[in-house]
Amino acid sequence: MELILLAISAILVKNILLAQYLGHCPFQGVSKRMETAVGMGMAVIFTMTVASAITWIVSRSVLVPYGIEYLQTIAFILVIAALVQFVEIFMKKTLPALYQALGIFLPLITTNCAILGVALLNVRNDYGFVKMVIFSVSSAIGFALALVLFAGLRERFRTTRIPQPLQDTAIGLITAGLMSLAFLGFLGMA
Amino acid sequence: MTIPLIFMGALGAGAALLLGIASRVFYVKEDPRISEVEAALPGANCGGCGYAGCRACAEAIVSGKAPCNVCVAGGAETAIEVGAILGIPVEIKEPELAWTSCTYGVGEADPIYTYSGAQDCQAAVALFGGSKLCPIGCIGLGSCVKACQFDALSMDEDRLPVFNPKKCIACGACVEACPKNIIALTSATKRIQAEYTTDECTAPCQRACPTGIDIPSYINAIRVGQPEGALRIIKEKCPLPLVCGRICPAPCEIECRRNLTPDDPVAINDLKRFAADYEMQTGRHVNPYKAPDSGRRTAVIGGGTEGLTAAYYLARLGHAPTLYEAKPELGGVLRYVISPSRLPDGVLDHEIKGILEMGVTARTGQVLGRDFTVHSLLADGYDAVLLATGGFDSRKVLRPGTGKETLIPGVRLMIDVLPALGNDAPAPAGRRVTIVGGVRRALDVARACLAGGAEQVTIVTGHPLGRIPTELRETDELEREGIRVRPRTVISALWGAEERLTSVSLEEASETPGVALAVSLVDTDLLIVAAGRIPELVIVPVREALGTEEDEEPVFRGKWRTIEIIRTLPGHGGEGVFSSPEPGRISDASAVVQAILSGRRVVRGIHQHFSGGIIAPIRQLVVEADGILDVSEIEGVSALPRQRPAVPAPEPGTEADWTNTEEIAGLDPTSAGKEAERCLQCGLICYRQAM
């Protein structure tokens, strides 16, 4: 029950994009078309889960025992970057179909703050392994959900009369703000 | 202090080692040319090539699945660069452009409702197919403009798309985006072969014109003072504007919408003559686009209207035509039958000179059967021989002393062999005879052939068994005599070797519609044709490999065949090479414009044969489709007097030379401009209201 609540809270209440405001670069960048939004969402789910697991292990087995937790951020960035690169090379060889689908999105999220943010949150909240995995996957699902919803809205912009000064990113940011307000409503559930 | 340093160093080194090993272990062997080709491509990822992005396109090119010139965005330069990387020769694609036929914007066309929903054509079409009454009209919300990645499209003040030919690379994105399917990619070659379909906006006059000239466009060009531009539009469809401007019966003027008001039709033909005369007065020829040399040579037998037209279009498509004419000068009926007071020789000479300038070689005084034969032309290396002896009765083309009975080996006209006519010619000599058409006299001819030593006679008729004379229905009895009757059948091809006919292909239609034709080959050394003249036939060499080696180029060894030059839709009949002529089809020479149409259609068939394609039937032709949207009354148009060309009066005291002086003068520039103002610039249902 606790785990289900954790998942729902990560997906809706503490949505990484709309409540925690992490990872807004891809949120604005790849949300113009539904196709790319779905691709990016899938890539984030995959990377966030793997990256969180590895960083959690690094944190628990190296950083904490040797008392160098203050190196967390820089160590995590290095681990995530190397990991994403490795995964890319690995997939290209062994899973060409998946590489075709996710390939171009992987480098984009190497230094995504949402990935790093979730990795840091895992450590800060002192989750155990199971909780950590649930939280990471749920956060990523929340990211994908928000991105897909937002892309659905933005696809409609193309056929709507938008005043000249508000076109493109401007209306995107306004819409993101309104979506964020709407998601705040989930706070009542918590 | 040491621990963090060691940790970071170890982490960095570990990551580097991992990636280093991974890049070795998981190395994907990739053709380096893929990246090179990708770099040569424009990187627009437009998808115009049919692949998902430039990378996929480069992979397809390197693996040989796509040709070097597949990239439409890069055009010729990219194709050459890609060809250089791969080291293979490049065929430059003919440039294409996007284009639409709609000329009346939402503000001017008749609406069925006012639309104020989402600014997207796709969405607007969902509501009763758009706000316009016209089913093929542009709804003006600019989805095509949004789809264009090359900034080649914009909407004008009438909310119609404007194509910038300098930027358009014909990727086809706008064609995909348009829910009305009114944007098409076009090229000069495609336009030459095009016939109007119901998917295009056409004016009534344009549909009535057998050659299909874009009449509203050329009248508009005259109106804005560009007679040369007008002539360019005319010459797209009609290579003989000087001739047509004088002797065309002008079926277009009967359809003119000005007839719906108490007013005369626009003087369409006089305006055409005005544009053509303007060119003649300048002494130059306005020559339209000509495709590069295709490396093929063609021979056209007959230098009349149809032969000249066919040679003109063959030249425009780059198939190096040579025109063979029996008479000392080109022109056929135009020169030898039509009165010079209607069509002076000087005018005809100027017209023919213009056609020859397009790259047509003319050999006059060359008689088929005496100076050359179909086989000798094929042996000379021509890739196709077109028989365009149309307007004159084919029999008159045969002259005494040629030593040949027939134009095409083994083909004779029935009238020459009919026993009842008391022909003094000997009975037709053929061992295996095929008779096509003329069912009422076919049996007499067949029995005469049998008496003359024939072993087998086949009577071919397009009619079903129930609609032929009763004596032909006794198939079993006739079979015992050696006569086979083939109802519902047409001849689709002739086959021969050198100066002999060897066999004919028969196509038998099934009783049940929709079931495929039964095709058979019948040995024939004599074919008797009931029609009064030999229709257009295109004869091509049959090339065969001499030995068994695979890389050997097939060569011509004397065998030839005819090819199908037009295929109609099922149910319309008229298929087969000897079917009866129908208006608007090939083999109709009732007016000069009909012969021009025939010439162009035959060239379409020859070009498709050269392109290796099967002659595709044209769907939804405007001339065949029923219920074309039209208007039955017009409003908001005031009557304007029709401008009439002057009849020149002979100078007092002189004897006018009427034999070579034109009866009617053309329009002068002022009256031509006034007349062009009278044109309503009609579309399918739109027309110019405020005059």
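Worth a mention:
- A DSSP coil position with no more than 16 other Cβ atoms inside 10 Å describes the following GluC sites (Glu not before Pro) in region B:316-369: B:GLU329.
- Put in order of Cβ neighbour count within 10 Å, fewest first, the listed residues A:ILE45, B:ILE21, B:ILE213, B:ILE234 become B:ILE21, A:ILE45, B:ILE213, B:ILE234.
- Dividing the mean sequence gap of close Cα pairs (under 8 Å, 6+ apart) by how many residues region A:2-189 holds gives a relative contact order of 44 percent.
- With at most 16 neighbouring Cβ atoms within 10 Å, loop chymotrypsin sites (Phe, Trp or Tyr not before Pro) (DSSP) excluded, longest segment of chain B: B:290-691
- Bridging of B:LYS132 to lysines at a Cα separation below 24 Å is possible for B:LYS146, B:LYS180, once same-chain residues fewer than 8 apart are set aside.
- Compared with the direct C-alpha span, the chain from B:SER116 to B:LYS674 gains 196.9 nm at full extension, assuming 0.36 nm per residue.
- Nearest 10 degrees, 0 to 90: helix B:345-357 Cα axis against chain B principal axis: 40
- Counting Cβ atoms of other protein chains within 10 Å of each residue's Cβ and taking the mean over peptide A:73-79 gives 2.
- Ascending count of other beta-carbon atoms within 10 Å, so fewest first, for B:MET8, B:MET414, A:MET179: B:MET8, A:MET179, B:MET414
- Calculated FRET value between B:ASP349 and B:ALA639, using beta carbons and R₀ = 25 Å, to 0.05: 0.05
- Each DSSP beta bridge with both residues in chain B is either parallel or antiparallel, and the antiparallel ones are about 55%.
- Taking chain B and dividing mean pair separation by its residue count, relative contact order in percent (alpha carbons under 8 Å, at least six apart): 12
- Theoretical ellipticity at 222 nm over chain B - DSSP helices of four or more residues, -39500 (n - 2.57) apiece, nearest 500: -9000 deg cm²/dmol
- For the pair region A:17-95 and region B:224-268, the centres of their Cα atoms are 71 angstrom apart.
- Within-11-Å neighbourhood charge of B:ASP263 [Cβ basis; K, R +1; D, E -1]: +3
- Semi-axes of the equivalent ellipsoid for chain B, computed as √(5λ) from the eigenvalues of its C-alpha gyration tensor and ordered from largest down, come to 51, 39, 26 Å.
- Largest first and in whole Å, the equivalent-ellipsoid semi-axes of the protein assembly as shown read 70, 37, 26, each the square root of five times a Cα gyration tensor eigenvalue.
- Extension gain for B:THR470-B:ASN45 works out to 146.1 nm (0.36 nm per residue, less the C-alpha to C-alpha distance).
- Flagged links, alpha-carbon separation over 28 Å, of A:LYS14/A:LYS93; B:LYS166/B:LYS237; B:LYS290/B:LYS353: A:LYS14/A:LYS93
- Most simply put, the protein assembly as shown has about 55% antiparallel DSSP beta bridges, counting only bridges with both residues inside it.
- Extents of region A:1-86, largest first, come to 46, 36, 20 Å (Cα atoms, principal axes, whole angstrom).
- Screening chain A for whole DSSP H helices with an alpha carbon extent of at least 20 angstrom along the helix axis and a mean Kyte-Doolittle hydropathy of at least 0.0 yields A:34-58, A:72-94, A:129-157, A:169-184.
- Build a GNM of chain A with springs between Cα atoms under 10 Å apart, and of A:ALA53, A:ALA75, A:ALA43 the one that fluctuates most is A:ALA75.
- Angstrom value of the Kirkwood radius, inverse mean 1/r, which spans all Cα pairs in region B:235-353: 15.8
- Cleavage-rule hits (GluC sites (Glu not before Pro)) in region B:94-173: DSSP loop, at most 10 neighbouring Cβ within 10 angstrom: B:GLU157
- Semi-axis lengths (Å, descending) of the ellipsoid that matches the C-alpha gyration tensor of region A:2-189: 30, 21, 14
- FRET efficiency, B:LEU629 to A:GLN28 (Cβ-Cβ, R0 60 Å, nearest 0.05): 0.80
- Helix axis angle, B:268-282 relative to chain B longest principal axis, alpha carbon, degrees: 80
- Other residues whose C-beta falls under 11 angstrom from the C-beta of B:GLN689 contribute a net charge of -2, scoring Lys and Arg +1 and Asp and Glu -1.
- Region B:60-92 versus region B:300-372: alpha-carbon centroid distance in Å: 40
- On Cα atoms only, tilt of B:2-25 relative to the major axis of chain B in degrees: 20
Every read-out reported here was derived from the displayed coordinates using simple, explicitly stated rules and does not represent laboratory data. As the structure is a computational prediction, the values presented were derived from the model and not from experiment. All Cβ positions, glycine included, derive from the backbone under ideal geometry; neighbour counts span all protein chains shown.
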